[in-house]
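Notes follow the structure.
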Number of protein chains: 2
Amino acid sequence: MPPVLAIHGGAGTMRRTAMTPVVEASFRAGLRAALWAGHAVLASGGSALDAVTHAVMALEDDPQFNAGRGAVYTSAGWHEMDAAVMDGRNRAAGAVAGITGPRNPVLAARAVMEHSGCVLMTGEGALAFLRGQDLAWEDPEYFRTDRRWQALQRELERRRSNAADTRDDAEKHGTVGAVACDAAGNLAAATSTGGMTAKRPGRVGDSPVFGAGTWADNATCAVSCTGHGEFFIRWAASHEIAARMRHRGETLAAAAETVVAELETVGGDGGLVAVDAAGNVALPFNATGMYRGRIGADGVAWTGIYREDLRTG
Amino acid sequence: MPPVLAIHGGAGTMRRTAMTPVVEASFRAGLRAALWAGHAVLASGGSALDAVTHAVMALEDDPQFNAGRGAVYTSAGWHEMDAAVMDGRNRAAGAVAGITGPRNPVLAARAVMEHSGCVLMTGEGALAFLRGQDLAWEDPEYFRTDRRWQALQRELERRRSNAADTRDDAEKHGTVGAVACDAAGNLAAATSTGGMTAKRPGRVGDSPVFGAGTWADNATCAVSCTGHGEFFIRWAASHEIAARMRHRGETLAAAAETVVAELETVGGDGGLVAVDAAGNVALPFNATGMYRGRIGADGVAWTGIYREDLRTG
């Protein structure tokens with residue numbers, strides 16, 4: 001039942017052996033903080049759009065996740081972030097790609113949606129527009145984390161030595177996102193990412209591509225995806241879920257699971273979070289894990305990482 | 001019946017009073033040249049992918065159309081071009097956004113598809129990758145046309161004086177694109193554009209957004225769109241046509257016309273060209289005109305501009 005909010009913090013191969021109890025507890029705490037940030041908006045009568053924005057801001061501010069502070073590096077050693085937001089009430093949409101500067105890329109995406117007359121803006125042109133907006137800015141040092149910098153160095157060394165890629169996906173990529181249904185039954189989705197570690201400068205993934213990594217339409221669902229973005233673009237993953245609901249009458253769960261399963265057959269590892277206007281939530285993924293969580297009207301935060309039941313605490 | 005190819009060169013408000021017989025004949029000649037370029041590939045047993053690439057190259061090389069040479073200017077007085085190509089055989093896809101340099105942006109999109117490991121690349125990062133590819137490059141002067149430069153000056157002056165926007169859409173924007181079904185029943189789509197006259201630097205339209213302005217999947221259709229791109233993104237126009245065919249069993253014509261009509265109700269002016277694996281072609285638009293054409297196995301080029309039957313010669 002609405003209001004409800006669901007989030008993800010990346011999906012892929014995750015070895016339990018690489019995770020200590022302390023690290024796992026820290027990830028779950030980060031997920032809960034984001035759930036509560038979004039829930040606080042919904043509980044006070046706020047919109048789904050504001051709720052997903054605040055939830056994603058919390059994940060961007062948390063250096064554990066690959067978005068905002070803690071974003072991964074391009075092969076050139078800098079950050080290029082992508083973010084998107086979409087409002088299910090009227091399909092208003094805004095996205096940025098390939099930017100560094102605004103502390104919260106999801107707020108940059110909202111500024112594009114609300115003030116630019118555009119839907120998607122990239123690079124220097126996007127930054128020029130955003131400088132005229134009321135946004136907090138940060139130096140590159142703010143976004144830097146030693147963990148991501150070391151991950152870049154290891155990946156560049158691996159490429160030099162032509163060694164096999166044995167990294168966990170958590171080291172390779174990741175995305176954060178949120179979907180919500182507010183008390184009025186309005187839907188919204190937001191997604192934010194640093195992309196893939198050591199990606200080519202200029203590469204844009206599925207997050208800011210509406211219909212791929214991000215979608216929201218009150219008539220069907222709100223969806224935010226994470227995983228190997230190129231496949232999510234080529235399979236129009238999030239819009240395909242909406243299309244299955246509208247044209248085939250499938251439930252949210254059936255449509256979301258079908259799309260994630262189809263992506264697995266073609267090598268598109270990842271997952272997504274989705275919600276419909278009745279407050280149903282789906283959190284499917286085809287990899288060994290997905291950082292994820294949900295929170296309903298009672299304000300209890302449920303989180304999961306591996307293939308396991310969600311839990312509190 | 002395959003092989004068949006269809007193209008567009010932009011859609012929108014077009015006043016017949018603003019068109020002289022000489023200018024109209026010149027546009028039709030440009031459309032025919034592009035149709036023959038694509039048909040030559042198909043007639044010699046080439047792939048739909050190569051056919052749409054060659055048809056779009058011809059339109060990019062023709063300064064009458066808003067893509068490649070003759071592209072419109074951003075508000076800052078330079079060119080930022082977007083292009084995309086998609087192969088219906090395996091949904092391979094490549095796109096560039098916000099670039100100036102490669103003579104044919106559609107070839108840049110193909111290089112991304114075939115050699116980058118990415119699907120979408122933008123700006124300086126894209127150009128850095130493309131410099132390592134086998135592409136012809138041009139100086140900004142090559143892309144310059146007096147017509148587009150004057151259109152920019154008039155639009156900037158209009159904004160300064162807060163006058164109403166009474167331009168024909170042909171002065172504001174435009175896109176070129178092609179779809180094809182080859183003798184083997186394989187589909188492909190390509191789209192290329194300079195965007196909108198006096199657009200914000202950094203603005204990206206629907207052309208390089210797969211599922212919006214460009215889509216190809218042998219199971220359904222290949223689609224290339226033109227019009228007010230923000231609406232085509234928010235309605236996932238091209239993927240919605242494919243979804244209606246797959247999930248509702250609609251014909252290509254019914255699906256394409258439904259989507260173009262729905263876009264009209266929300267203010268999304270424009271049109272598209274589409275083809276399915278049986279060789280059916282649809283060329284719907286919701287504005288007063290769309291530069292368009294089709295060519296079948298017999299090699300006869302049919303063209304149209306206004307609401308009129310296509311004609312030869």
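The values are calculated or read from the model by the stated rules, or taken from the named source; none is laboratory data. Keep in mind that what you see is a predicted model, and the values were worked out from it rather than measured. Counting neighbours? That spans all protein chains shown, and the Cβs are built from the backbone with ideal geometry, glycine included. Ligands, DNA and RNA are stripped out before the accessible areas are found, and what is left, the full protein with its side chains, is counted by its heavy atoms. Shrake-Rupley method; radii C 1.70, N 1.55, O 1.52, S 1.80 Å.
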Inset, instruction - Please list, in chain and number order, the residues 5+ apart from B:Ala212 or on another chain whose amide H is under 5 Å from its amide H, with Hs placed from the backbone. - result: B:Ser238, B:His239
Inset, instruction - Taking only Cα atoms and a 10 Å spring cutoff, compute GNM fluctuations for chain A and point out the largest among A:Gly205, A:Gly30, A:Gly249. - result: A:Gly249
Legend entry - Rounded to 5, percent antiparallel among DSSP beta bridges of the stretch B:4-312: 90
Legend entry - At R0 = 25 Å, FRET efficiency that the Cβ-Cβ distance of B:Asn90 and B:Met1 yields, to 0.05: 0.55
Inset, instruction - As a check on your grasp of the helix formula, calculate [θ] at 222 nm for the protein assembly as shown: sum -39500 (n - 2.57) over DSSP H runs of n ≥ 4, divide by the residue count, round to the nearest 500. - result: -10500 deg cm²/dmol
Legend entry - Solvent-accessible heavy-atom area per residue, rounded to whole Å², over the stretch B:4-312 at 1.4 Å: 33
Legend entry - Inter-copy label distances at B:Arg16 (7 Å, Cα→Cβ; nm, one decimal): 7.5
Legend entry - Cross-link reach list, lysines versus B:Lys199, counting only Cα pairs under 27 Å and skipping chain neighbours closer than eight places: B:Lys172
Inset, instruction - Kindly compute the accessible surface that chains B and A hide from a 1.4 Å probe when together, both sides summed, and give it to the nearest 100 Å². - result: 3100
Inset, instruction - Any chance you could look up the accessible area of A:Asp298 with a 1.4 Å probe, heavy atoms only, rounded to 10 Å²? - result: 110
Legend entry - Histogram of C-alpha separations across the stretch A:4-312, 20 Å bin width, %: 39, 58, 4
Inset, instruction - Kindly write out, for the stretch B:111-118 in residue order, the coupling ³J(HN,Hα) from the Karplus curve 6.51 cos²θ - 1.76 cosθ + 1.60 (θ = phi - 60°), rounded to whole Hz, with x marking Gly and Pro. - result: 5, 4, 4, 8, 10, 9, x, 10
Legend entry - Choice from A:Asn162, A:Asn104, A:Asn218 showing the highest fluctuation, given a GNM over chain A with Cα pairs closer than 10 Å: A:Asn162
Inset, instruction - Work out Dmax and Rg for the protein assembly as shown from the C-alpha atoms and quote the Rg first, both in angstrom. - result: 23.3, 77
Inset, instruction - Could you run the Karplus curve 6.51 cos²θ - 1.76 cosθ + 1.60 with θ = phi - 60° over the stretch A:68-76 and give me ³J(HN,Hα) per residue in whole Hz, x for Gly and Pro? - result: x, 4, x, 5, 6, 9, 6, 4, 8
Inset, instruction - Rounded to whole Hz and in sequence order, give me ³J(HN,Hα) for the stretch B:231-237 from the Karplus expression 6.51 cos²θ - 1.76 cosθ + 1.60, θ = phi - 60°, writing x for Gly and Pro. - result: 5, 5, 5, 5, 9, 6, 4
Legend entry - Potential extension, B:Glu114-B:Ala297 segment - 0.36 nm per residue separation minus Cα distance: 63.0 nm
Legend entry - Whole-percent carbon and sulfur share, accessible surface of chain B, 1.4 Å: 51
Inset, instruction - Could you name every residue in the stretch A:74-107 that has 30 Å² or more less accessible surface in the full protein assembly than in its own chain alone (probe 1.4 Å, ligands and nucleic acids excluded)? - result: A:Arg91
Inset, instruction - Mind listing the label-point distances from A:Met1 to the same position on all other copies, shortest first, one decimal in nm, points 7 Å along Cα→Cβ? - result: 6.4
Legend entry - Label spacing, shortest first and in nm, from A:Gln153 to its equivalents in the remaining copies (7 angstrom along Cα→Cβ): 5.6
Inset, instruction - Grab the eigenvalues of the alpha-carbon gyration tensor for the stretch B:156-313, scale each by 5, take roots, and send me the semi-axes largest first in whole angstrom. - result: 28, 18, 14
Inset, instruction - Go ahead and set up a Gaussian network model of chain A, Cα springs under 10 Å, then flag whichever of A:Val300, A:Val23, A:Val119 fluctuates most. - result: A:Val23
Inset, instruction - Hey, can you grab everything whose amide H is under 5 Å from the amide H of B:Ala297? Only 5+ residues off in sequence or another chain; H modelled, so Pro and N-termini drop out. - result: none
Legend entry - Potential extension, B:Asp146-B:Ala33 segment - 0.36 nm per residue separation minus Cα distance: 38.4 nm
